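Visitor: Below is the structure I would like to discuss, written out as structure tokens.
No value in this document is a laboratory result; all are computed from the given coordinates. Small disclaimer: the values here were computed from a predicted structure and weren't measured. Because the Cβ atoms are built from the backbone with ideal geometry, glycine has one as well, and the counts that use them run over all protein chains shown.
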């Protein structure tokens with residue numbers, strides 16, 4: 001299976017289809033149907049690593065101030081306690097602070113807002129893994145490497161976040177020009193990604209003021225590091241969506257394992 005990073009953008013995309021949601025749906029048609037899906041979402045940041053392990057994960061509406069239609073969405077995919085246990089085993093002993101979550105969490109909007117377009121039948125088991133905020137960037141990449149074998153077991157792994165994500169600087173008016181820093185960091189990421197020069201992207205904190213404006217907090221950026229770890233040595237990245245929305249949200253998405261272009 002390929003490994004994906006998807007820029008998920010606004011929760012409103014779940015009820016307002018656009019060119020990005022269509023690209024997600026189109027990409028799913030190019031992929032053999034997975035046995036299960038592992039989601040790594042920016043919206044589940046924890047101390048330690050948590051993995052959903054319930055038979056029927058609930059749909060999490062982890063936002064406020066949006067239309068009722070968004071809260072009404074359900075994504076009733078089954079879970080997979082067996083896959084959750086398997087993932088825990090793959091991470092041991094290098095990552096031993098792993099908890100199987102059986103009741104409190106589920107599938108959050110960083111996951112279901114994508115999956116509802118890719119797999120609208122919700123008939124593929126979904127497991128979600130949290131992002132351990134205590135890990136270093138290099139450890140996030142290393143954790144991704146530990147999960148590489150799942151790709152050979154017909155498990156689709158999707159990391160979900162945004163390369164540029166600054167909610168404080170969002171422009172709500174249409175046709176607001178994109179600020180230079182957002183374009184510059186998005187281009188910086190794209191250039192290094194396509195050149196397979198991942199070091200500067202892993203050490204984004206040393207990338208200057210554009211990076212700090214693009215990533216004022218790291219939770220939406222960190223999912224990309226897992227996809228770096230999932231990359232096999234012979235693979236190159238392909239970008240399948242790109243663009244800056246609302247002046248400060250990057251919709252750049254990339255994939256390892258299948259060739260695709262914008």
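Visitor: Give or take rounding to whole Å, what are the principal axis extents of the alpha carbon atoms in the chain, in descending order?
Guide: Ordered largest first, the chain gives principal extents of 48, 42, 35 Å.
Visitor: So if we plug the beta-carbon distance of residue 142 and residue 55 into 1/(1 + (r/R0)^6) with R0 = 30 Å, what FRET efficiency do we get, rounded to 0.05?
Guide: After rounding to 0.05, the efficiency reads 0.50.
Visitor: Right, another one. Would you calculate, for the chain, the mean residue ellipticity at 222 nm contributed by helices, counting each DSSP H stretch of 4 or more residues as -39,500 (n - 2.57) and dividing by all residues, to the nearest 500?
Guide: Calculated mean residue ellipticity at 222 nm is -9000 deg cm²/dmol.
Visitor: Further, regarding this structure: Taking a point 7 angstrom from the Cα of residue 12 along the C-beta vector, which residues in the stretch 224-261 have backbone N less than 11 Å away?
Guide: Within reach of a label on residue 12: 246.
Visitor: For each of 164, 255, count neighbouring Cβ atoms within 10 Å of the residue's Cβ, then give the residues from fewest to most. Please list the in-between numbers first.
Guide: Working: 164 29, 255 22.
Exposure proxy ranking, most exposed first: 255, 164.
Visitor: Based on other C-beta atoms within 10 Å, arrange 176, 241 from fewest to most.
Guide: Going from sparsest to densest Cβ surroundings: 176, 241.
Visitor: Between residue 134 and residue 171, what FRET efficiency comes out of the Förster formula 1/(1 + (r/R0)^6) with R0 = 45 Å and r the beta carbon distance, rounded to 0.05? Each step should come with its number before you reach the end.
Guide: Numbers: r = 34 Å, r/R0 = 0.75.
The computed FRET efficiency comes out at 0.85.
Visitor: Could you give the spread of the C-alpha atoms of the stretch 113-262 along their three principal axes, from largest to smallest, in whole angstroms?
Guide: Per principal axis, max minus min of the Cα coordinates gives 44, 36, 32 Å.
Visitor: Between the stretch 193-213 and the stretch 45-76, what is the C-alpha centre distance in whole Å?
Guide: 30
Visitor: Assuming R0 = 35 Å, what is the FRET efficiency of residue 212 and residue 149, from their Cβ-Cβ distance, to the nearest 0.05?
Guide: That gives a FRET efficiency of 0.50.
Visitor: Taking the number of other C-beta atoms within 10 Å as the exposure measure, put 47, 151 in order starting with the fewest.
Guide: Sorted ascending by nearby Cβ count, the order is 47, 151.
Visitor: Still on this model: From Cα pairs below 8 angstrom and at least 6 apart in sequence, can you work out the relative contact order of the stretch 3-256, rounded to a whole percent?
Guide: After rounding, I find 31 percent.
Visitor: Could you tell me which of rounded, prolate or oblate describes the stretch 1-92, using a ≥ b ≥ c as the square roots of the eigenvalues of the alpha-carbon gyration tensor, with rounded for a/c under 1.5 and, failing that, prolate when a/b is larger than b/c and oblate otherwise?
Guide: It comes out oblate by the Cα gyration axes.
Visitor: Over the stretch 40-124, what per residue volume does the convex hull of the Cα atoms give, in whole Å³? Present the calculation step by step, with values, prior to reporting the outcome.
Guide: Details: hull volume 8.7 nm³, N = 85.
Given the Cα convex hull of the stretch 40-124, per-residue volume reads 102 Å³.
Visitor: Show me 243-251, 194-202, 133-141 ranked by packing, highest mean number of other Cβ atoms within 10 Å first.
Guide: 243-251, 133-141, 194-202
Visitor: In the chain, what % of DSSP beta bridges are antiparallel (nearest 5)?
Guide: Antiparallel bridges: around 30 percent, rounded to the nearest 5.
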